[in-house]
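For reference, the structure is listed below as structure tokens.
The values are calculated or read from the model by the stated rules, or taken from the named source; none is laboratory data. If you're wondering where the values come from, they're calculated on a predicted model, not measured in any experiment. Cβ placement follows ideal geometry from the backbone for every residue including glycine, while neighbour counts extend to all protein chains displayed.
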Amino acid sequence: MEHNAKKTLDRRLEAENVALLKHLLSMELRRLKDEVGCDMIFLMGVDGRTFSSVIPRDLNAKQFYMLNLLRANMPHICGQLRRENLRIAIEQYKEGSVVIAGVGDNAFMTLEFSKPLVPADFQKIVSTSMKGSTVIKHILELKPIKEEVLEKYPKNVAEELRKLSRLLFVERFEQTKQYRKNMEILRFIKDKLKGVVGVGAVDEIVTVTFNELGTSAPYMTDQLWRIFLENAIRKHVNAMSGEIMADECYRTWMPELDKKLRSFM
């Protein structure tokens with residue numbers, strides 16, 4: 001059935017426009033910051049422009065020092081990167097460390113740590129930064145996250161892009177037309193049920209009926225909503241309020257549901 005097929009889908013939102021790609025970029029920088037444990041992270045162009053950054057709201061003395069150090073060194077870093085395509089570099093200072101990772105020919109990341117790094121940290125930081133730079137290069141080039149594209153990358157890069165796509169679905173799906181429509185239909189059905197079975201029984205009926213369908217409100221289709229309402233009436237309204245009431249609900253609610261669904265076209 002259709003609803004079973006939908007359950008097997010890997011629900012990922014394809015980032016096919018610039019706004020979603022920018023959101024992907026921001027998500028990847030946050031994930032990279034958390035993974036390597038740096039204090040701040042910047043994505044910049046070799047011309048000195050800042051494309052995106054993740055900075056604590058309140059900086060302590062060491063973090064503020066490292067931020068000012070980066071600003072002071074930025075002309076030198078940009079000049080160096082314009083002359084040659086840097087892959088990765090680690091710079092150690094008294095107050096902390098800076099990791100610079102190239103992102104293609106025209107951009108780079110800086111990861112700032114308010115502490116010196118020890119050699120034991122280097123392997124993880126380098127490998128994670130290189131993975132992140134490849135992921136960000138993919139995003140900056142506005143490439144889609146499709147399997148035929150992902151299979152050309154190393155396994156860790158491909159998996160990171162898949163994770164970002166799934167996270168994007170979760171974070172942005174609530175803003176889609178489909179989601180808003182389904183939430184409105186759910187409110188419509190709950191209001192109908194309240195008048196017949198009482199407020200206390202509504203959530204139970206809704207939960208059981210969704211479980212019977214094997215799906216949930218955000219992923220419903222028009223056909224599934226018709227099945228949902230019919231099951232709620234025939235099984236649950238009938239059991240709680242009697243057959244006559246169930247027949248009356250079916251006769252009046254089903255056409256109202258169809259009208260409601262058509263209003264979103």
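Count of segment 31-51 residues, restricted to those that are under 22 Å from the mean Cα position of the chain (by Cα) and crowded, with 16+ Cβ neighbours inside 10 Å, is 10.
Considering segment 145-222, the qualifying helices (runs of 4 or more DSSP H), each wholly inside and each with 3 or more residues that are of a type in the set (A, V, I, L, M) and touching a helix residue (DSSP H, G or I) at 6+ places or on another chain (Cβ under 7 Å), run over 155-172, 177-197, 199-213. Exactly one residue among Leu29, Leu43 is in a strand (DSSP E or B) and modelled with pLDDT of 90 or more, and that residue is Leu43.
Given the options Met254, Met220, Met245, Met240, name the one that is surrounded by 13 or more Cβ atoms within 10 Å (Cβ to Cβ) and under 28 Å from the mean Cα position of the chain (by Cα). Break it down into steps so the answer makes sense when it comes.
On the way: Met254 fails: under 28 Å from the mean Cα position of the chain (by Cα); Met245 fails: under 28 Å from the mean Cα position of the chain (by Cα); Met240 fails: under 28 Å from the mean Cα position of the chain (by Cα).
Going through Met254, Met220, Met245, Met240 in turn, the sole match is Met220.
When segment 132-144 is limited to residues that are in a helix (DSSP H, G or I) and free of Cβ contacts under 8 Å to residues at least 24 places away in the same chain, the one that is nearest to Ile90 (Cα to Cα) turns out to be Thr134.
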